[in-house]
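To start, the structure itself, in structure tokens.
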Number of protein chains: 2
Amino acid sequence: MGRKRTKSGKIRLAEVAELAGVSPITASRFFRNPEALSVAKRTRVESAAKELGYVPNLAARALASQRTEVIGVLIPSLTNNVFSDVLRGIYDASEGSPYSIQLSNTRYSILQEEKLLRLFLAQKPAGLIVTGIDQTAESRAMLEAADCPIVQIMEIGPDPVDMMIGFSHYDAARAAIAHLFAQGHRKIGFVGARMDPRVQRRLDGYVAAMKDAGLFEQRLVVTTSTPTSVTLGGALFTDLLARAPGIDAVFCANDDLALGVLFECRRRDIAVPEQIAIVGFNDLEFMASAVPTLTSVRTNRYEMGRTSATMLIDAIEGRRPEQPVLDLGFKVIERQSSSSRRADSKPAASGTGAANKMVALPSSHD
Amino acid sequence: MGRKRTKSGKIRLAEVAELAGVSPITASRFFRNPEALSVAKRTRVESAAKELGYVPNLAARALASQRTEVIGVLIPSLTNNVFSDVLRGIYDASEGSPYSIQLSNTRYSILQEEKLLRLFLAQKPAGLIVTGIDQTAESRAMLEAADCPIVQIMEIGPDPVDMMIGFSHYDAARAAIAHLFAQGHRKIGFVGARMDPRVQRRLDGYVAAMKDAGLFEQRLVVTTSTPTSVTLGGALFTDLLARAPGIDAVFCANDDLALGVLFECRRRDIAVPEQIAIVGFNDLEFMASAVPTLTSVRTNRYEMGRTSATMLIDAIEGRRPEQPVLDLGFKVIERQSSSSRRADSKPAASGTGAANKMVALPSSHD
DNA sequence: AGGAACGTTGACAGCGCTACCAGCACAGAC
DNA sequence: GTCTGTGCTGGTAGCGCTGTCAACGTTCCT
């Protein structure tokens, strides 16, 4: 045996075919579409492959077939907890499929995104997952010309390139503010960092809600383009207090900021929620554990990642979804930090697609 | 022009060569080793490539050259903040290099790791980054037989497969306990979750330090194999209080647990640090922002990722490091939660390799 | 002047796999 | 009995690139 192994000592398809007593092409078919073989040959090839420990050479396959089994994923950040949940969903969904994930970080730059897109597309990926709906015109054109399925994640918009899965950050922010209104709060500040397009839309939702109630004032809004952090939450809140001393609530564009605000309140002996209510965004795990527990807008990040990869793989394999745009909704999780009744964890408003699409976050975070 | 483009409309190397008036092999060399060409041909090929917008076909290259430009990365978790920092470092270091990162999640299972390793190795990666030093015998054998550079990250041990970069979790835990001793604490509890090998070694360090001082008691240790979380920190601390009511300090195996303990203290009106001191591990960003600020053991996660990828790429390209094992050290960051003097943020003990190797964490977390 | 040494270039032959098409056997329709 | 269709199988011919080695021209030495 092994008389004509490749130099690297690897077993090739030809060896498997020889052992199984079939032609190489038949063996090849076994790995791509076993049903096309007669049962007899199928079992022969199967056992031959197992006996030799055959592993297909993906480079050769890609070259010959003119396509790859790579799913490209473009996300703006690796640090942000939000994306690590999404990623976990994507990786989980890709497991057991032949597709492998190729991840790249756009660092919140749509120019960087365009560059990476060009790179990805040149390698003919099987599918693509991109973040958000704010691509450059050039990127947009490339995406539309790409001959592979594409999913846009994190938010939904009117004009999907192909498929889209997310929720309305605008509506979610409005729901958070509506919740605060319902609790009797009127002077509600906004604290935001990074100000990427999705945070911007949360701000837009906040502004609209406040304007509708005739309560909007520019000085209630404090933002920065700096990356978010807990410490930054405290600093922005300090700014906000200086600009608008009379506020009775703060809506934070994410949970890290909210935790920073909570700590800053503690430092200043401001009672939460009696003097100032706090609402965060994303509902990270620690929000339910803080003292007081912190209200937040729950978003289905893991589910978003998982579903996007599942939809993408289905589309790659020809099973197009009946609905290309999926709204995963959100849910305002009311906790002590914004409850005038000091009740713990009672659900309030839910987002559009939410009511029945709402799924539990996975209990095991590994 | 374009009279013999490939069906897919892609530009091939041959077209570039033709336009430049050189042979394909010369054009090929331009992309791999430009110095080998005369300046005249170099510029000719360069402008031809640019004019045609040529992008090399990686599958063909991989097939012909019998190697890939893929760096495999095996980490146990995508959720854990610790790994997202490491990953960011790895991705940052790989940027601008021809190597692309192929990430896989072992889910803290060494059997899963073995399976993934087999998969990776079959594709002949350019290099490999694996987490920790606790591989199965089979994995170990595969790693040793692999003909590519390998870096083990997160910790250091006596017997590297190839290169190794990390720090001693055992020493770091001992340093944390020494710090608590110095502050006058004696009855120090240990709270740990997940209990992966690195957490286990932190526990070992704690036990050794306590035994050396004649203070060890089994009931001071509360652990679980459950994945870590802030909420879990509170729950484990509650257990600890029930088992050992008289404790005056808690060493937490990570910062999430420490935050949970802090919140639980708040809930129970236990004064920190007056009644109970708290020390965490990793020094995540929020530790400096909590009230009171939380002492932690700083570890150089981003640096670890970045350096490991840099070392790996250097090794791939034939530049072997003079020292294959790199101890990145640690540093106990003393803050209010463990300071009898209630001082803020004064450095205490540093780990072995730390003193001069210590580098600042990147200020911009994006 | 001859030749060695060097730097540069190109021809050839695959890398391992799959697309394409042809061929064969057999079943059912007429 | 012929024809068409279906299911399975195999041969041929690349996919686009690079390893190897030989050949070329030039320079520098003896």
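Numerical summary
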{"item": "Criterion: buried (at least 17 other Cβ atoms within 10 Å of the Cβ), farther than 28 Å from residue B:263 by Cβ, touching a residue at least 60 places away in the same chain (Cβ under 8 Å) and away from chain B (no Cβ under 12 Å) - qualifying residue of A:202, A:198", "result": "A:198"}
{"item": "Residues (part of a helix (DSSP H, G or I) and touching a helix residue (DSSP H, G or I) at 6+ places or on another chain (Cβ under 9 Å)) located in the range B:47-61", "result": "B:47, B:48, B:49, B:51, B:52, B:58, B:59, B:60, B:61"}
{"item": "Scan of the range B:106-148 for residues that are of a type in the set (S, T, N, Q) and touching a residue at least 40 places away in the same chain (Cβ under 8 Å), ordered by number", "result": "B:123, B:131"}
{"item": "Selection status of residue A:64, within 10 Å of DNA strand C (Cβ to nearest atom), open to solvent by 40 Å² or more (accessible area, probe 1.4 Å), assigned to a helix (DSSP H, G or I) and facing chain B (nearest Cβ under 10 Å)", "result": "yes"}
{"item": "The range B:123-137, residues that are in contact with a helix residue (DSSP H, G or I) (Cβ under 9 Å, 6 or more places away or on another chain) and small (Gly, Ala, Ser)", "result": "B:126, B:127, B:132"}
{"item": "Verdict on residue B:83 being in a helix (DSSP H, G or I), within 37 Å of the chain's Cα centre (by Cα) and within 15 Å of DNA strand D (Cβ to nearest atom)", "result": "no"}
{"item": "Index of the failed condition, residue B:246 passing every other in (1) in a helix (DSSP H, G or I); (2) surrounded by fewer than 17 Cβ atoms within 10 Å (Cβ to Cβ); (3) not acidic (Asp, Glu)", "result": "(1)"}
{"item": "Hey, residue A:35 open to solvent by 70 Å² or more (accessible area, probe 1.4 Å), more than 24 Å from residue B:67 (Cβ to Cβ) and away from DNA strand D (no atom under 12 Å from the Cβ) or not", "result": "no"}
{"item": "Residues satisfying the stated conditions in the range A:282-307, i.e. among the charged types (D, E, K, R) and part of a helix (DSSP H, G or I)", "result": "A:285, A:301, A:303, A:306"}
{"item": "Residue count for the range B:67-80, restricted to those that are open to solvent by 20 Å² or more (accessible area, probe 1.4 Å) and either assigned to a loop (DSSP other than H, G, I, E, B) or of a type in the set (Lys, Arg) (or both)", "result": "5"}
{"item": "Selection count, the range A:38-53, where residues are more than 20 Å from residue A:98 (Cα to Cα) and either in contact (Cβ under 8 Å) with a residue 24 or more places away in the chain or near DNA strand D (Cβ under 7 Å from one of its atoms) (or both)", "result": "8"}
{"item": "Scope the range A:29-44; condition more than 12 Å from DNA strand C (Cβ to nearest atom) and touching a helix residue (DSSP H, G or I) at 6+ places or on another chain (Cβ under 8 Å); matching residues", "result": "A:34, A:37, A:41, A:42, A:44"}
{"item": "Subset tally (residues that are within 14 Å of chain A (Cβ to nearest Cβ) and farther than 15 Å from residue B:333 by Cα) for the range B:229-285", "result": "26"}
{"item": "Selection within the range A:67-82 - within 9 Å of chain B (Cβ to nearest Cβ) and modelled with pLDDT of 95 or more", "result": "A:76"}
{"item": "Within the range A:106-185, helices (runs of 4 or more DSSP H) holding 1 or more residues that are among the polar types (S, T, N, Q) and surrounded by 20 or more Cβ atoms within 10 Å (Cβ to Cβ)", "result": "A:137-145"}
{"item": "Per-region count, the range A:186-195, residues open to solvent by 10 Å² or more (accessible area, probe 1.4 Å) and β-branched (Val, Ile, Thr)", "result": "0"}
{"item": "Candidates A:119, A:203, A:215 - the one that is closer than 22 Å to residue A:73 by Cβ and of a type outside the set (Ser, Thr, Tyr)", "result": "A:119"}
{"item": "Selection from the range B:92-105 of residues that are open to solvent by 20 Å² or more (accessible area, probe 1.4 Å), in contact with a strand residue (DSSP E or B) (Cβ under 8 Å, 6 or more places away or on another chain) and either not assigned by TED's automatic domain parsing to the domain that holds residue B:317 or not small (Gly, Ala, Ser) (or both)", "result": "B:99, B:102"}
{"item": "Output for the range B:45-61, where each listed residue is open to solvent by 40 Å² or more (accessible area, probe 1.4 Å), within 12 Å of DNA strand C (Cβ to nearest atom) and more than 11 Å from chain A (Cβ to nearest Cβ)", "result": "none"}
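The values are calculated or read from the model by the stated rules, or taken from the named source; none is laboratory data. Keep in mind the model is a prediction, meaning the values are calculated, not measured. Note that each Cβ is placed from the backbone with ideal geometry, even for glycine, and that neighbours are counted across all protein chains shown. What goes into the accessible areas is simple: the full protein's heavy atoms, side chains included, and nothing from ligands, DNA or RNA. Shrake-Rupley method; radii C 1.70, N 1.55, O 1.52, S 1.80 Å.
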